[in-house]
1. Restricting to segment 151-161, name every residue that is touching a helix residue (DSSP H, G or I) at 6+ places or on another chain (Cβ under 8 Å) and open to solvent by less than 10 Å² (accessible area, probe 1.4 Å).
2. Do you know which residues across segment 162-180 are out of contact with any helix residue (DSSP H, G or I) (no Cβ under 8 Å at 6 or more places or on another chain) and either open to solvent by less than 70 Å² (accessible area, probe 1.4 Å) or not in a helix (DSSP H, G or I) (or both)?
3. In segment 102-134, what residues are modelled with pLDDT under 95, of a type outside the set (Asp, Glu) and either in a loop (DSSP other than H, G, I, E, B) or in the same structural domain as residue 43 (by TED's automatic domain parsing) (or both)?
4. When both residues are 6+ apart or on different chains and their Cβ atoms are under 6 Å apart, which pairs have a first residue that lies in segment 1-16 and is in a loop (DSSP other than H, G, I, E, B), and a second that is β-branched (Val, Ile, Thr)?
5. Can you find a residue that is modelled with pLDDT of 95 or more, closer than 26 Å to residue 140 by Cβ and buried (at least 22 other Cβ atoms within 10 Å of the Cβ) anywhere in segment 22-35?
6. Scan segment 42-68 residue by residue and report those that are in contact (Cβ under 8 Å) with a residue 60 or more places away in the chain and surrounded by fewer than 16 Cβ atoms within 10 Å (Cβ to Cβ).
Amino acid sequence: MATIQEISEFLQKGRAKNVKALVEQALEEGCDPKEILNEGLLAGMMVIGEKFKNNEVFVPEVLVAARAMNAGITVLEPKLAEIGNEPVGRAVIGTVKGDLHDIGKNLVAMMLKGAGFEVHDLGVDVDADTFIQQAEETHADLICMSALLTTTMPNMKDVIDDLNSKGLRDKYIVMIGGAPINDAFAKQIGADYYTPDAATCAEVARKAVLDRAS
């Protein structure tokens, strides 16, 4: 357990080499890969998420912590595949059509990974067909859309309208975010959730998927 605690602590400091070495060590010691993932990597990333939400750390610290987490996951993934470890859920995420901003979207993708999701990042300038096609192909639970420009906000509604017209709306939890977005807009277009920051998005997403499964 001491090694797993160290994994969490070094991840929070963004020390990728240490995290990678400690994950290898924990596996050699016979630790359960799921325990290394949940109690080490994901627990550390959730601490960073909470601190980010409280303005105790900022974007650079989140980025280096996410890099450290990815270093550990690279070592762990083959072992998790062997034991058939299932993610909490699957998410497709992208910035909507006409919008090329991606910093917020990238942070959300990292936080979702840190909360145990399998994340399919579609990038920027993503049209409605691509969101829906990728959600179907990856058996996603979540569709997460970001926009920074007020002019591209209506494109979020296009995705939801297309889901409705295809009879797929109830299949997905739809989350939206971005600087100009608010709760009223989310209700207006029929999204399930609006969250103001990346860490809150990960928390809400995890709870929504687990609630739906129970």
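The values are calculated or read from the model by the stated rules, or taken from the named source; none is laboratory data. Small disclaimer: the values here were computed from a predicted structure and weren't measured. Note that we place each Cβ from the backbone using ideal geometry, even for glycine, and neighbour counts take in every protein chain shown. All accessible areas refer to the heavy atoms of the entire protein, side chains included, with ligands and DNA or RNA removed. Shrake-Rupley method; radii C 1.70, N 1.55, O 1.52, S 1.80 Å.
1. 156, 159, 160
2. The one that is out of contact with any helix residue (DSSP H, G or I) (no Cβ under 8 Å at 6 or more places or on another chain) and either open to solvent by less than 70 Å² (accessible area, probe 1.4 Å) or not in a helix (DSSP H, G or I) (or both): 167.
3. The answer is 115, 116.
4. What qualifies is 14/64.
5. Looking for residues that are modelled with pLDDT of 95 or more, closer than 26 Å to residue 140 by Cβ and buried (at least 22 other Cβ atoms within 10 Å of the Cβ), one finds none in segment 22-35, hence no.
6. 50
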